[in-house]
Amino acid sequence: MQDEHAATPLPAYPFPRTSAIEPPPALAELRAAGPLHRVQLADGRQAWLVTRYDEVRTLLGHPAFGTQYPGTVPMTESEDNLAAGFMFLKDPPEHTRLRRSVTRAFTARRVAELRRRAMPVAADLVDQMLARGPEADVMEALAYPLPITMISELLGIAAEDRGRFRRWSDLILRSVEGGSDEEMGAAFLDLQQFVVKLVDGKPDGTDLVSDLARHSGEPDGLTRLEIAAMAMGLLMAGYVTTASAISHALLRLLGSPQVMAQVRAGQIETTRLVEELLRLQDEEVGINRIAQQDVEICGVRIARGDTVIISRAGANRDPGAFPDPTAISAGAERGPHLAFGHGIHHCLGAALARMELEVALGTLITKIPGIRLAVPPAELEWSCDGMDVSIKRLPVTW
């Protein structure tokens, strides 16, 4: 068995990158060398980086890995700290209870209803692009407005409140220009108070928050603050990430003229195309997990308390799992990708994100068949923000 303290220089992670949508070459090089590697993080800590499909899938579903350091006393959410109740930061058994309650309300029927609402929203947004044309920034015109509108629909936010809901969300999650740290902090507090009031005033609607509030008195029901934390968590996990998925997918399509021609000709099913585009979406860091006990993976001993970074980008381009892994192969049978994770923390909003991506791309391609980049790819503005690679502007013309 290998020792985790081998005295060799460690690669610095995240790796330097030169593209918004393609992973750094170092990721493929490490994957070819083995499934598990020690890396040096920017803050000086060391971590394990997992890069191959089978091992990534195993670790995502392994009970020995959690979201908190061993011995950490879980915080309890409060009206001023809803983040302490985010489901994706919880481990079993608390995570199990929370997810079971939300899953019952987050049904396929609800997503289907949201699709019916999303289609006219997307159509109107693209019509506005066309009216202002012949050039537009897809980020501001569609990629951000569509998911924040659908989150508002999901949570049952009244039309008159959606403007400030988006302003707060943009300050917190997008770090919009001109927003100071003080303004971001104030926006976070304002948003938390708004969400708590939203829960308290939602006894009889048809939205997700109302459904959860109606069942709050049942044995497995959520408290008002747990529902508020869930609502905040859906915003945190589903706004900018979905906007990023839309922009990455469109940019990849615009750089793949043969695939785009097949899409326009109706030769590729949209649902299959979206799965391939999700598989190929890159990420900056990966999913962090903490070993809750000593465990051996691939002959390597991972000690209790060690940080493990799970690279979905590495796994989803593993040639051992996906033949010709860098190609968009929407016409071929592919195994399940890991863009939404796996196991108990598999993304609860995956069906919603898929739907939004299908609607956004389908509407753009149908209404603007001649859509193309308005600038050379090298001139696109992008940055690495947290876990994602963020495309700042995506100018297109037609």
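The values are calculated or read from the model by the stated rules, or taken from the named source; none is laboratory data. From a predicted model like this one, the values you see are computed outputs, not experimental measurements. Cβ placement follows ideal geometry from the backbone for every residue including glycine, while neighbour counts extend to all protein chains displayed.
Note on region 262-280: residues that are surrounded by 12 or more Cβ atoms within 10 Å (Cβ to Cβ) and not in a helix (DSSP H, G or I) total 2.
Considering every residue within region 289-302, establish whether at least one is within 26 Å of R167 (Cα to Cα) and in contact with a helix residue (DSSP H, G or I) (Cβ under 9 Å, 6 or more places away or on another chain). For region 289-302, residues within 26 Å of R167 (Cα to Cα) and in contact with a helix residue (DSSP H, G or I) (Cβ under 9 Å, 6 or more places away or on another chain): absent. If you go through region 133-144 and keep only what is touching a helix residue (DSSP H, G or I) at 6+ places or on another chain (Cβ under 8 Å) and either of a type in the set (A, V, I, L, M) or part of a helix (DSSP H, G or I) (or both), you end up with A136, V138, M139, A141, L142, A143. For region 221-261, a residue qualifies if it is of a type outside the set (A, V, I, L, M, F, W, C) and in a helix (DSSP H, G or I), and the qualifying residues are R224, E226, G233, G238, T241, T242, S244, S247, H248, R252, P257, Q258. Starting from residues that are among the small types (G, A, S) and touching a residue at least 12 places away in the same chain (Cβ under 8 Å), keep the ones in region 42-64 and report whichever is surrounded by the fewest Cβ atoms within 10 Å (Cβ to Cβ). Of everything passing the filter in region 42-64, A42 is surrounded by the fewest Cβ atoms within 10 Å (Cβ to Cβ).
Any residue at all in region 225-232 that's more than 23 Å from the chain's Cα centre (by Cα) and either β-branched (V, I, T) or within 30 Å of N81 (Cα to Cα) (or both)? Yes, region 225-232 contains a residue that is more than 23 Å from the chain's Cα centre (by Cα) and either β-branched (V, I, T) or within 30 Å of N81 (Cα to Cα) (or both). Residue-level analysis places E296 outside the set of residues that are among the acidic types (D, E) and part of a helix (DSSP H, G or I). Is there a residue in region 370-379 that is loosely packed, with under 14 Cβ neighbours inside 10 Å, touching a residue at least 40 places away in the same chain (Cβ under 8 Å) and outside any loop (DSSP other than H, G, I, E, B)? Checked against the condition, which is being loosely packed, with under 14 Cβ neighbours inside 10 Å, touching a residue at least 40 places away in the same chain (Cβ under 8 Å) and outside any loop (DSSP other than H, G, I, E, B), region 370-379 yields at least one hit.
Here E113 meets the list (1) more than 28 Å from L373 (Cβ to Cβ); (2) outside any helix (DSSP H, G or I) almost entirely, failing just condition (2). If only residues of region 294-352 that are basic (K, R) and in contact with a strand residue (DSSP E or B) (Cβ under 8 Å, 6 or more places away or on another chain) are counted, the one that is nearest to A105 (Cα to Cα) is R312. All of (1) over 30 Å from I371 (Cβ atoms); (2) in a helix (DSSP H, G or I); (3) within 24 Å of the chain's Cα centre (by Cα) hold for E183 with one exception: (3). Screening the candidates L348, L357, L338, L361 for the property of being farther than 15 Å from T271 by Cα, at pLDDT 95 or above, surrounded by 17 or more Cβ atoms within 10 Å (Cβ to Cβ) and touching a helix residue (DSSP H, G or I) at 6+ places or on another chain (Cβ under 7 Å) yields one hit, L338.
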